[in-house]
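Trainee: One structure, as structure tokens, below. Some questions next.
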């Protein structure tokens, strides 16, 4: 990502406000699935799988939000989060609870993923129509990544209070999980040649090599895909759409016919930087284009693009000099038939096996196993080399941390990893300060201690009942819980007042002027679901969670 479309804008920029809103929208839905599944009459095995899937997806989303914004709220139970048709904020959209530290969020992620790993099926156990579902391999890959990130925070920010709690020793646990995925036999790098719409093009005059084919719809759900945002067809307002817009966003905007400029209908957003081009040159030791991954990743002036009318050269306006090529589609599979800009047929890879291999290479290097680090890195480089005819990149004969950093940059370019890699390596200032940001047409000014995370206004948070810390309180007992609405309450200290709130904060029951250690609450006239009960005594306010079935 090109400096996250300039980090200094924070959440006030429209794109990142949507990032926050949609992230919590997904978390709200995951929480609703978990809570409603607990109350359902589903078979126990089905219940456990649905909950594990929701916890995996919730973990994936909060991992990204926390790495983007730092300390953020992390509600673990249902809360109201409507979105309008434009996925913009409604007045009620405030996240409940107080911000949690990065370490506390990572702890919760680890707890949820450890649980999910033992419940979710393997990739080979899924039917084809279920290929979009979370697997144990996806959960274990994510957990390895989470633990490696935490280890990196401990190593690279030892005196920064924002990263308090992390331990560099967890790299051993990260490696264990990543190795289990690698050795499971469930995944592999895509290799060979394929027949796709790129075949017999000016770029690939014969068949399509593996690295190019990897980013085509023909290889959605291939063995390299550990987990992806899928192009599942959905219906809304009497029309269907697939819900992904990365083809529309990134495809080069213009091409040339003779001396005429014409539009591809792409938006040309998130352009590769000159620094990325230089990284490919560094990686090959010669020209950037000598690495076969370069032509798949970066489009330059004069490169051929398939349009409505055939293959024509790309051209760029003003300061823009590059385009992302990984998500291009043919007119017949997208541009000629799209009903929405969100109609791309391409999955978007969130975890792919090459990423797992390079994370494991890094963890091996950190734990002293340089031979295994070299082996995994060369597997990735070998597949790249076999996708072209330049004999580049060559196998490495020895390995350094810088080698793995560079390999991650070129292999995973434009897939959303770079900013977060720099964050965990403690290299954001070194990599970004004073650098020209192509997409924003500006030079970055990076302030350490400030720009590692995006800022967000307090108005996005609803500091109310904190569902994360609700536990059984020894001073107050509710029973039965779960129950059908008639609740018996016993307390060590006399209760003076009670309020009962829904997860949306709506008050459904209130009593004051009480002075009793034992009493009954009747919620039977209310809907099934989760309620928060606030007890007041002479010393404190106690909040407890009640589930009505």
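The values are calculated or read from the model by the stated rules, or taken from the named source; none is laboratory data. On a predicted model such as this, the values are computed, not experimentally measured, just so you know. Positions of Cβ are backbone-derived with ideal geometry, glycine not excepted, and every protein chain shown enters the neighbour counts.
Trainee: Based on this model, can you work out whether residue 395 counts as under 19 Å from residue 151 (Cβ atoms) and either touching a strand residue (DSSP E or B) at 6+ places or on another chain (Cβ under 6 Å) or at pLDDT 95 or above (or both)?
Mentor: On the way: under 19 Å from residue 151 (Cβ atoms): no; either touching a strand residue (DSSP E or B) at 6+ places or on another chain (Cβ under 6 Å) or at pLDDT 95 or above (or both): yes.
Answer is no for this residue.
Trainee: Checking residue 358 against (1) without any contact (Cβ under 8 Å) to a residue 60 or more places away in the chain; (2) over 25 Å from residue 437 (Cα atoms); (3) surrounded by 18 or more Cβ atoms within 10 Å (Cβ to Cβ); (4) in contact with a strand residue (DSSP E or B) (Cβ under 9 Å, 6 or more places away or on another chain), which single condition isn't satisfied?
Mentor: Tallying (1) without any contact (Cβ under 8 Å) to a residue 60 or more places away in the chain; (2) over 25 Å from residue 437 (Cα atoms); (3) surrounded by 18 or more Cβ atoms within 10 Å (Cβ to Cβ); (4) in contact with a strand residue (DSSP E or B) (Cβ under 9 Å, 6 or more places away or on another chain), residue 358 fails exactly one: (4).
Trainee: Quick check: anything in region 368-390 in contact (Cβ under 8 Å) with a residue 12 or more places away in the chain, more than 26 Å from residue 210 (Cβ to Cβ) and over 21 Å from the mean Cα position of the chain (by Cα)?
Mentor: yes
Trainee: Ok, one more. Checking residue 135 against (1) more than 30 Å from residue 382 (Cα to Cα); (2) crowded, with 16+ Cβ neighbours inside 10 Å; (3) within 22 Å of the chain's Cα centre (by Cα): exactly one of these is not met. Which one?
Mentor: With respect to (1) more than 30 Å from residue 382 (Cα to Cα); (2) crowded, with 16+ Cβ neighbours inside 10 Å; (3) within 22 Å of the chain's Cα centre (by Cα), residue 135 is out only on (1).
Trainee: Please enumerate the residues belonging to region 100-125 that are within 15 Å of residue 224 (Cα to Cα) and outside any helix (DSSP H, G or I).
Mentor: Answer for region 100-125, where residues must be within 15 Å of residue 224 (Cα to Cα) and outside any helix (DSSP H, G or I): just 122.
Trainee: A follow-up question, please. Being in a helix (DSSP H, G or I) and either buried (at least 23 other Cβ atoms within 10 Å of the Cβ) or at pLDDT below 90 (or both), is that true of even one residue in region 72-93?
Mentor: There is no residue in region 72-93 that is in a helix (DSSP H, G or I) and either buried (at least 23 other Cβ atoms within 10 Å of the Cβ) or at pLDDT below 90 (or both).
Trainee: Suppose we keep only residues that are modelled with pLDDT of 85 or more and crowded, with 16+ Cβ neighbours inside 10 Å within region 521-535. Which one would you say is nearest to residue 492 (Cα to Cα)?
Mentor: For region 521-535, the residue satisfying everything is 535.
Trainee: Which one of these is crowded, with 18+ Cβ neighbours inside 10 Å and touching a helix residue (DSSP H, G or I) at 6+ places or on another chain (Cβ under 9 Å): 282, 248?
Mentor: Only one candidate passes the filter, namely 248.
Trainee: Follow-up. Mind telling me which of the residues 508, 489 ends up being without any contact (Cβ under 8 Å) to a residue 24 or more places away in the chain, out of contact with any helix residue (DSSP H, G or I) (no Cβ under 6 Å at 6 or more places or on another chain) and part of a strand (DSSP E or B)? Explain how you work it out, then say what you get.
Mentor: Details: 489 fails: without any contact (Cβ under 8 Å) to a residue 24 or more places away in the chain.
One residue alone meets the criteria, 508.
Trainee: May I ask you to verify whether residue 384 is modelled with pLDDT of 95 or more and buried (at least 22 other Cβ atoms within 10 Å of the Cβ)? Don't jump to the end; show me each part of the working.
Mentor: Values: modelled with pLDDT of 95 or more: yes; buried (at least 22 other Cβ atoms within 10 Å of the Cβ): yes.
So residue 384 fits the description; yes.
Trainee: Just give me the residues in region 363-391 being within 30 Å of residue 249 (Cα to Cα) and out of contact with any strand residue (DSSP E or B) (no Cβ under 8 Å at 6 or more places or on another chain), in sequence order.
Mentor: Residues satisfying the conditions are 380, 381, 383, 384, 385.
Trainee: Given the residues 141, 201, 217, 221, which is the only one that is at pLDDT below 95, under 27 Å from residue 419 (Cα atoms) and touching a strand residue (DSSP E or B) at 6+ places or on another chain (Cβ under 9 Å)?
Mentor: Testing whether each residue is at pLDDT below 95, under 27 Å from residue 419 (Cα atoms) and touching a strand residue (DSSP E or B) at 6+ places or on another chain (Cβ under 9 Å) leaves just 221.
Trainee: Follow-up question, since we're still on this one. Which residue, of 135, 164, is touching a helix residue (DSSP H, G or I) at 6+ places or on another chain (Cβ under 7 Å) and farther than 21 Å from residue 350 by Cα? Steps first, answer last, please.
Mentor: Working: 135 fails: farther than 21 Å from residue 350 by Cα.
After applying the criteria, what remains is 164.
Trainee: Also: Assess whether residue 534 counts as being on the phi < 0 side of the Ramachandran plot and outside any strand (DSSP E or B). Give the steps one after another, and end with the answer.
Mentor: Details: on the phi < 0 side of the Ramachandran plot: yes; outside any strand (DSSP E or B): no.
Criteria not met by residue 534.
Trainee: Being surrounded by fewer than 20 Cβ atoms within 10 Å (Cβ to Cβ) and either assigned to a helix (DSSP H, G or I) or modelled with pLDDT under 95 (or both) is the requirement here; does residue 66 meet it? Walk me through how you get there before you give the answer.
Mentor: Details: surrounded by fewer than 20 Cβ atoms within 10 Å (Cβ to Cβ): no; either assigned to a helix (DSSP H, G or I) or modelled with pLDDT under 95 (or both): yes.
Here the answer is no, as residue 66 does not meet what is asked.
Trainee: Which residues, counting only those in region 37-63, are over 15 Å from the mean Cα position of the chain (by Cα) and either touching a residue at least 12 places away in the same chain (Cβ under 8 Å) or under 17 Å from residue 73 (Cβ atoms) (or both)?
Mentor: Residues satisfying the conditions are 37, 38, 39, 48, 49, 50, 51, 52.
Trainee: Could you look through region 311-336, keep only residues that are assigned to a strand (DSSP E or B) and touching a strand residue (DSSP E or B) at 6+ places or on another chain (Cβ under 6 Å), and pick out the one that is surrounded by the most Cβ atoms within 10 Å (Cβ to Cβ)?
Mentor: Out of the qualifying residues, it is 323.
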